[in-house]
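K.L.:
The following block contains the structure, expressed as structure tokens.
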Amino acid sequence: TLNEIPILKLAEVHAKPKGHQMSYGTAGFRGNASGMDHVFFRMGMLAVLRSKLMKATIGVMVTASHNPEHDNGVKLIDPHGEMLTQSWEELATSLANVTNDELIKEMKKIVDSQNIQLSNEASVFIARDTRPSSLALSQAVLDGATALGATCTNYGLLTTPQLHHIVACYNGGNHNVNEEQYYQHYANAFKALLNENLSYLTKKPVGSSVTVDCANGVGAPKLVKLAEHIGVNIIDIVVHNNGQSGKLNENCGADYVKVQQRAPVEGLNMEPDHRYASFDGDADRLVYYTLDSDCNFVLLDGDKIAALFAVYIKELLNKADINVRLGVVQTAYANGSSTNYISTEENIEVACAQTGVKHLHKVATAFDIGVYFEANGHGTVTVKDDCLNKIRSAATSEEKLQEQKLAANKLTAFLDVVNQTVGDAMSDLLAVEAILQDKGWSIRDWSCIYTELPNRQAKVKVADRTVIETTDAERKVTKPPALQPAIDKVVAEYPCGRSFVRPSGTEDVVRVYAESDTQENTDKLAKRVSLLVY
Ligand code: NG1
Ligand code: ZN
């Protein structure tokens, strides 16, 4: 049974403000940090229930990712390091929204409906980002989890993907996993991959540095540690926006760079052809950028990272003569040129999923090897176990030629560098750096694989964004009924035109996307479609 008295006592401390309603969105609860304390407390309790049900450790991450510093958020991590299963999102939403008086009743409802054995043990891992509100809010999670008697481990500051990694490894049986082990794992995997590359000893493009804007977030101190574990003689990472002076995500970070299509305002004296990268506030997104020889800003976003990964994997599969199903998963935000390049030019299967990595992840795992990225830089590679075994055995097979074994070996090493649980800016950075190094490519060579169609993202504030409903991986509006025909009509006026609108899952806005032949046309198209939404 539930130990009601201590729960109710703590629930008073973390009382819900009247009328405050939230829902578990694309990436957990997110909003202005003030007034959200009860949500964190309750998610601590929900994590315990989930842990008892799954008989495994559950993670709770306190972060609002790329949102402004005054926001915060919380998301649960399931046993294999994946996002909370969708059917529990509703439970989370109801639990966050009941009054204090209804709290026990609501929890009992969850216990009954999910058939949870309250006598089971529970274990919860907690971590947080660097927001000023995160310490107190992670304490609220701890209070909630301990109120239900769970064993809690507080990892303090971590990037979101680090916590995913730790939860997945722990539940996989590695009970010594911790932050240090994370660095060792990725540093060793990266070094092993470079060692597979015979030309590494002679040519050394990685020797030139990569400058990383860490959005003044938790990625900064963590990336410094990772770089130390690899060694500056192997990779030279220069960390910018480390939180010493600037504000979190303000005029910097992956979201700013991607949406504004410009470099962070402070700190970078950009030089042509040098490699620059940006993380977001919790280091699960990565974008690259540089200046071309005319000093124009050139962005290499999630689409381009996906293309690089997919083509590299395809080449290694071909070289190793391994036949498996490789696919790339994108969202409607993927640039049309990237889709065309991957599917038509490179002949790799492309699927389109709904926005939100949990949707992409699911579609990706249907492939033997799935590469998924959101255009904003959140993504990774998934591999089926039997496929991984196939590649591993090819690496040592007597029947394979030396060259084929080498390629299989390299592919195994590459798959070790990516964090298969979730998009991880640090591990994706290493993967990109390793591929460029292996191919002997400059950032310019990479950016030239295809040329993006000019594109624009806009936000429209409306009274109620939920009146807009979509279908076909959010590419078409179903409600209100008159909207889609109106969009189609406008889009038809622009060469290579494409545009769609969808309600955001993380902000109270409707997002508008447009692309067409020129930036001028694209901006006009975005504006006209925005006006249709009002
Ligand atoms: P919403 O607000 O639902 O568009 C945004 C991003 C998603 C995803 C989530 C979670 C865009 C257009 N949308 O979702 O891709 O990353 O945040 O962080 O970038
Ligand atoms: Zn993030």
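What follows draws every value from the coordinates through simple rules; no lab data is involved. Everything numeric in this text was worked out from a predicted model, so none of it was measured. Using ideal geometry, Cβ is built from the backbone for each residue, glycine included, and neighbour counts are taken over all protein chains shown.
K.L.:
Which of the pairs Lys55/Lys304; Lys18/Lys476; Lys16/Lys109; Lys384/Lys405; Lys479/Lys527 have their Cα atoms more than 31 Å apart in this structure? Spell out each step's value before the answer.
P.N.:
Working: Lys55/Lys304 39 Å; Lys18/Lys476 37 Å; Lys16/Lys109 19 Å; Lys384/Lys405 20 Å; Lys479/Lys527 20 Å.
Distance filter (> 31 Å) returns Lys55/Lys304; Lys18/Lys476.
K.L.:
From the alpha carbon gyration tensor of the range 303-423, can you work out the equivalent ellipsoid semi-axes (sqrt of 5 times each eigenvalue) and give them in Å, largest to smallest?
P.N.:
Details: eigenvalues 131, 42, 23 Å².
Each semi-axis is the square root of five times an eigenvalue, giving 26, 15, 11 Å.
K.L.:
Check the range 181-299 and count each lysine pair with an alpha-carbon distance under 23 angstrom, considering only pairs eight or more places apart or from different chains.
P.N.:
Close lysine pairs under the 23 Å cut-off: 9.
K.L.:
Ratio of the range 4-157's C-alpha Rg to 2.2 N^0.38 Å, to two decimals? Please report the intermediate quantities before stating the final value.
P.N.:
On the way: Rg = 13.8 Å, N = 154, 2.2 N^0.38 = 14.9 Å.
In units of the 2.2 N^0.38 Å rule of thumb, it is 0.93.
K.L.:
Please report the relative contact order for the range 355-425, taking Cα pairs under 8 Å with a sequence separation of at least 6, and give it as a percent rounded to a whole number.
P.N.:
Reported relative contact order: 28 percent.
K.L.:
Could you point to the residue in Ile348, His80, Phe373 farthest towards the positive end of the chain's charge dipole, with +1 and -1 charges on the Cβ of Lys/Arg and Asp/Glu respectively?
P.N.:
His80
K.L.:
Sticking with this structure for a sec: Can you list residues whose amide H is under 5 Å from Thr153's amide H, if they're 5+ apart or on another chain and H is modeled 1.01 Å from N?
P.N.:
Amide H neighbours of Thr153, under 5 Å, 5+ apart: Val124, Phe125, Ile126.
K.L.:
Under a crude label model (7 Å from the Cα following the beta-carbon direction), how far is Thr451 from Arg262 in nanometres?
P.N.:
In this crude label model, Thr451 to Arg262 measures out at 2.4 nm.
K.L.:
Lysines within cross-link reach of Lys75: Cα-Cα under 16 Å, excluding same-chain residues under 8 positions apart?
P.N.:
Once the sequence-local lysines are set aside, what remains near Lys75 is Lys358.
K.L.:
Moving to a separate point now. Suppose the Debye formula is applied to equal point scatterers at every Cα of the chain; what is log10 I(q)/I(0) at q = 0.07, 0.09, 0.13 Å⁻¹?
P.N.:
Here log10 of I(q) over I(0) equals -0.39, -0.66, -1.34.
K.L.:
Give me a comma-separated list of calculated 3J(HN,Hα) values for the range 236-245, in order, Karplus coefficients 6.51, -1.76, 1.60 applied at θ = phi - 60°, integers in Hz, x for any Gly or Pro.
P.N.:
10, 9, 9, 8, 10, 6, 9, x, 5, 10
K.L.:
So, with +1 on the Cβ of K and R and -1 on the Cβ of D and E, and no other charges, what is the size of the charge dipole of the range 4-157 about its Cα centre, to the nearest 20 debye?
P.N.:
On the way: 14 positive and 16 negative charges, 16 e Å.
Roughly 80 debye for the range 4-157.
K.L.:
Of Ser397, Phe40, Leu223, which is farthest along the charge dipole of the chain in the positive direction, counting Lys and Arg as +1 and Asp and Glu as -1 at C-beta?
P.N.:
Phe40
K.L.:
So what J values fall out for the range 52-65 if you push phi through Karplus, 6.51 cos²θ - 1.76 cosθ + 1.60 with θ = phi - 60°, rounded to Hz, Gly and Pro as x?
P.N.:
5, 5, 7, 6, 7, 6, 10, x, 10, 10, 9, 6, 10, 6
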